[in-house]
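Report on the structure given below.
The values are calculated or read from the model by the stated rules, or taken from the named source; none is laboratory data. Here the structure is a predicted model, which is why all the values come from computation and not from measurement. Heads up, the Cβs are rebuilt from the backbone with ideal geometry, glycines too, and the neighbour counts pull from every protein chain shown.
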């Protein structure tokens, strides 16, 4: 905005000549000339110094001359503002001059331009008009986070044109399930083999995808000309880091503030849970977290989001010494050796029905402390959808599993006792 000045100098010279005769018949009225000079100096944005001169003459006896001098300085733009992320490490959002620069999980640059506006000159990136009106999703976790945003804008459901589902799992997000049943959201095939023609027919503003080593999906979407953004929340090393990807999705809807409010609410509830545990000052329960599939044992590494959540809750994770994030395979012998004195076993799968199913794969676990004391848990069916959407509930369930006396009466929703 222009900024007015500071200096106003006004110089006025008045010359008045009046001659009056001694005798009335010879009295003469002469013209009076008034000259005013007004100089104004002030600073505005946008160009060079300019001088404006306005001259006004009275019809009778005054000449007015006004000179305005305007000194101009160039506008200094505000520096770009970056979305202040608290937990997520794998995306970035910068606000600058009416548009956003987004770096996705593959470090690709997307320019989010207000709908109807022209892209900024000289700035590279993939253009997406926002707020988005049509999107396609690759995973149920993306749908779960959008359902949380629907708490503020229920009409978001109408922007989801398609989901890569393929009928491969049950839906526990009722709004999404109903929209799929009514064909308001189109199933575009399984995530591992989506129907590209169906995606193109939906003409999305953007498709939200995830990637993994060896994934060919990005190259195929580039080939067919579908704009996409990479959402790899699953690679974050904290549960809140995974949940904070709600802010990535929200920025495409211009819902940055609403996503921040939801995050703060979730953070607050988790903080209360952790504070309650710390105040109780109980000995740390020893926890095993693993699954067995086709003879292979998969455990979460010691720097994974699972391990970090267990540390938050004061637990002793038996695989804490295995560095890195994500999962790793270990031998059955190593599993049995470590798990034998664990207080709690969490079997990270929804595919089994009983403790006997675990013992079929590892019969030696029957002698483990957790089996003997009946503290063996698995994922409940809604885990992969509601567990991300309601990360605070996920923490509460875990806390109740680890400290049943502290959270007496809590009913598990995301885990199930065998």
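Can you tell which of 164, 179 is buried (at least 19 other Cβ atoms within 10 Å of the Cβ), in the same structural domain as residue 224 (by TED's automatic domain parsing) and closer than 22 Å to residue 218 by Cα?
Working: 179 fails: closer than 22 Å to residue 218 by Cα.
Among 164, 179, only 164 is buried (at least 19 other Cβ atoms within 10 Å of the Cβ), in the same structural domain as residue 224 (by TED's automatic domain parsing) and closer than 22 Å to residue 218 by Cα.
For residue 241, all conditions in the list (1) outside the structural domain of residue 162 (by TED's automatic domain parsing); (2) part of a helix (DSSP H, G or I); (3) crowded, with 18+ Cβ neighbours inside 10 Å hold save one; what is the number of the exception?
(1)
Kindly indicate the residue of the stretch 254-290 that is touching a strand residue (DSSP E or B) at 6+ places or on another chain (Cβ under 7 Å) and surrounded by fewer than 21 Cβ atoms within 10 Å (Cβ to Cβ) and also nearest to residue 83 (Cα to Cα) among those meeting that condition.
The initial filter retains those residues of the stretch 254-290 that are touching a strand residue (DSSP E or B) at 6+ places or on another chain (Cβ under 7 Å), namely 254, 284-290.
Restricting the remaining residues to those that are surrounded by fewer than 21 Cβ atoms within 10 Å (Cβ to Cβ) gives 254, 284-286.
On the way: 254: 13, 284: 36, 285: 37, 286: 38 Å.
Top of the filtered list is 254.
Kindly list the number of the only condition in (1) out of contact with any strand residue (DSSP E or B) (no Cβ under 6 Å at 6 or more places or on another chain); (2) assigned by TED's automatic domain parsing to the domain that holds residue 257 that fails for residue 114.
For residue 114, the failing item is (2).
Check the stretch 218-236 and report whether any residue there is at pLDDT below 95 and under 22 Å from the mean Cα position of the chain (by Cα).
Yes, some residue in the stretch 218-236 is at pLDDT below 95 and under 22 Å from the mean Cα position of the chain (by Cα).
For a quick check of your reading of the model, give me the residue pairs whose first member lies in the stretch 255-269 and is farther than 22 Å from residue 312 by Cα, whose second is surrounded by fewer than 16 Cβ atoms within 10 Å (Cβ to Cβ), with beta-carbon atoms closer than 6 Å and at least 6 apart or on different chains.
258/152
Grab the strands (runs of 3 or more DSSP E) fully contained in the stretch 293-385, keeping just those with 1 or more residues being crowded, with 21+ Cβ neighbours inside 10 Å, in contact (Cβ under 8 Å) with a residue 40 or more places away in the chain and not assigned by TED's automatic domain parsing to the domain that holds residue 139. I'd like the intermediate steps shown before the answer.
Numbers: elements: 296-300, 327-330, 344-347, 376-379.
It comes to 296-300, 344-347, 376-379.
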